[in-house]
Amino acid sequence: MRIDQLVPAYHRGDAIGDEATHLKRFFRSQGFESEIYRLSCDRELESESEDFNGFPESLPSDITILHFALPSPLTPAFRRLPSKKVIIYHNVTSPEFFAGYSEEMVRIAGIGREELRSLAGDTDVALADSGFNAGELVEMGFRESHVFPLFVDFTKYRRPINAFLHKLFRDGRTNILFVGRVAPNKKIEDLIKVVFYYKKFISPLVRLIIVGKTSALPVYYHALIKLADDFLLAPEEVCFTGHLPDDEMFAVYRAADVFLSLSEHEGFCLPLVESMIFDLPIIAFDSTAVPDTLDGAGILIRDKRAERVAELVDFVARDQNLREKIILGQRERLVKLQTQGQEPFLLQMISRLGGQQPRV
């Protein structure tokens, strides 16, 4: 019996790629034949995965897992397989967020949601990495869906930080951090408005740091640059770092005073977990999967008015008693995240699908 995974794009450091790697190792540790098949991957991961063109003929007793986050040729191929079919849904951003910035992304996001909906009648088990995503699956016609916690490699966050970058950012400014791709659903324009208010009415010593790829939607990125310029915010006050290697990203987490997210669409939001790991107080807008991920930790807000958010950021950045209370709550949530193992659920799923535990 085989348990294989299908991943459109396989990247190291990516949440989906890390989870697929972890699952493959677990299945193999249980004695199953298991491989990751992808359409594209990082060059250094070619030896750890196989091209989908080489996908073997599956049997009805096999299990195939599709990680779904974007439309791809894997969807119709998955639908036709005779094996037991499992989907792990990592979310597709709603198309309306891209309107006015990229008609191509509007089209791709729309196709992604239609492809996902088309799998409802052909999927044996539907999994999602948050309660919000699980709810979307049910709305799309899946008979049932189960929350399957996202795998987080907590060990990698113990690696050393980039000391030079950490020192560079610890220059007396209040550092407001956001980590995530530069995309319209993240509402980075709202972060810029908060920084403008903070600089004008609270303190000129402020910096917004946005860590994430800027190349996906150039129109949106350049609109943000123009907005910052219109507010007379200098590059050192609104700092787009682009994608960073781990040691530099960890340094930025350590140098930040507050993690602020005003995003309006998240399927899970791993940077919230990373902020908990680095004891960085979180302020986040109450939307989509954010309350699922925080589960009572951090500060959840429903009012995005710049003046209110800026005053709250300053309070959290400067009040040590409040910071300690927030960090304590985040540590308690982190303990729950670290102990919610995937393995028992996976073995139950295999048993439910009729799989027999092999003899190792």
Practice problem: Please give the contour-minus-distance gain from Leu59 to Asp230: 0.36 nm per residue of separation, less the Cα-Cα distance, rounded to one decimal in nm. | Solution: 55.5 nm
Practice problem: Report the label-to-label distance for His243 and Thr155 in nanometres (one decimal), using points 7 Å from each Cα along the Cα→Cβ vector. | Solution: 2.4
Self-check item: Residue list for region 278-305, given a label point 7 angstrom along the Cα-to-Cβ vector of Asp319 and an amide N cut-off under 13 Å
Solution: 299
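For region 262-305, what is the relative contact order in percent, using Cα pairs closer than 8 Å and at least 6 residues apart in sequence? Each step should come with its number before you reach the end.
Working: 55 pairs, mean separation 18.9, N = 44.
Answer for region 262-305 is 43 percent.
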Quiz prompt | Approximate spin-label separation Arg352-Glu104, in nm, with each point projected 7 Å along Cα-to-Cβ | solution = 3.9
Practice problem: Distance between Cα centroids, region 236-292 to region 104-137: provide it in whole Å. | Solution: 25
Quiz item: Normalised by the number of residues in region 155-338, what is the relative contact order in percent for Cα pairs under 8 Å and 6+ residues apart?
Solution: 24
Quiz item: In the neighborhood of Ala255, defined by Cβ-to-Cβ distances under 10 Å, what is the net charge if each Lys or Arg adds +1 and each Asp or Glu adds -1?
Solution: +3
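What's the FRET efficiency of Gln338 with Leu168 using the Cβ-Cβ distance as r and R₀ = 51 Å, to the nearest 0.05? Before the final figure, lay out the partial values.
On the way: r = 31 Å, r/R0 = 0.61.
In this case the efficiency is close to 0.95.
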Quiz item: Picking from Ser203, Ser34, Ser83, which is most flexible by a Gaussian network model of the chain using Cα springs under 10 Å?
Solution: Ser203
Self-check item: Estimated FRET transfer efficiency when R0 is 41 angstrom, pair Glu33-Asp303 (beta carbons, to 0.05)
Solution: 0.20
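What shape does region 155-338 take by its C-alpha gyration tensor, where a ≥ b ≥ c are the square roots of the eigenvalues and a/c under 1.5 counts as rounded, a/b above b/c as prolate, and the rest as oblate?
Rounded is the answer for region 155-338, as its axis ratio a/c remains below 1.5.
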Practice problem: Under 1.5 on a/c is rounded, so check that first for region 1-87, then, if it is not, pick prolate when a/b is larger than b/c and oblate when it is not; a ≥ b ≥ c are the square roots of the alpha carbon gyration tensor eigenvalues. | Solution: oblate
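To the nearest 0.05, what FRET efficiency results for Glu311 and Glu46 with a Förster distance of 51 Å applied to their C-beta separation? Could the numbers behind the result be given before it?
Details: r = 51 Å, r/R0 = 0.99.
About 0.50, to the nearest 0.05.
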Quiz item: Under a point spin-label approximation (7 Å from Cα along Cα-to-Cβ), what is the Arg331-Lys213 distance to one decimal in nm?
Solution: 3.6
Quiz item: Is the shape of region 152-242 best called rounded, prolate or oblate, per the rule: a/c under 1.5 gives rounded, else a/b larger than b/c gives prolate, else oblate, with a ≥ b ≥ c the square roots of the Cα gyration tensor eigenvalues?
Solution: oblate
Quiz prompt | Exposure proxy ranking, count of Cβ atoms within 10 Å, fewest first, for Arg2, Arg308 | solution = Arg308, Arg2
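Every number here is computed from the coordinates shown, using simple stated rules; none is lab data. Because the structure is predicted, anything quoted here is derived from the model rather than measured. With ideal geometry, Cβ positions are generated from the backbone for all residues, glycine too; neighbour counts draw on all protein chains shown.
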